[in-house]
1. State all residues of region 1-18 that are outside any strand (DSSP E or B) and within 11 Å of ligand 2 (Cβ to nearest atom); if no residue qualifies, say none.
2. Is there any pair linking a residue in region 19-34 that is outside any strand (DSSP E or B) and within 6 Å of ligand 1 (Cβ to nearest atom) to one that is among the aliphatic types (A, V, I, L, M) and modelled with pLDDT of 80 or more, with Cβ under 8 Å and at least six apart or on different chains, and which?
3. Go through region 35-46 and count every residue that is modelled with pLDDT under 90 and outside any loop (DSSP other than H, G, I, E, B).
Amino acid sequence: MSDRELYCDSCEGVVPFEAPPCVDGHGADCPELVCTGCGAAVLIATFAFPAPRVDHRRGTTRRPHRRAA
Ligand SMILES: [Zn+2]
Ligand SMILES: [Zn+2]
């Protein structure tokens with residue numbers, strides 16, 4: 001249904017993950033995904049589905065420079 005391909009450390013590659021039967025009553029909002037390759041459960045926040053390639057070079061370090069006395 002809603003398979004997502006993610007990188008699995010155990011499988012050492014990108015494999016399809018799928019939502020397991022939720023026993024916590026999350027229903028469709030369950031943030032849990034399980035690797036279909038090795039069966040390792042992976043918890044993922046609902047907002048953690050960015051584009052496959054995230055640009056890491058986004059000038060996000062915009063904190064004011066504070067000098068430690
Ligand atoms: Zn759940
Ligand atoms: Zn795996």
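1. Result: ASP9, SER10, CYS11, GLU12.
2. So the pair list comes out as CYS30/ALA19.
3. Of the residues in region 35-46, 3 are modelled with pLDDT under 90 and outside any loop (DSSP other than H, G, I, E, B).
The values are calculated or read from the model by the stated rules, or taken from the named source; none is laboratory data. It should be emphasised that the depicted structure is a prediction, and the values quoted were computed from it without experimental measurement. Every residue, glycine among them, receives a Cβ derived from its backbone with ideal geometry; neighbour counts consider all protein chains shown.
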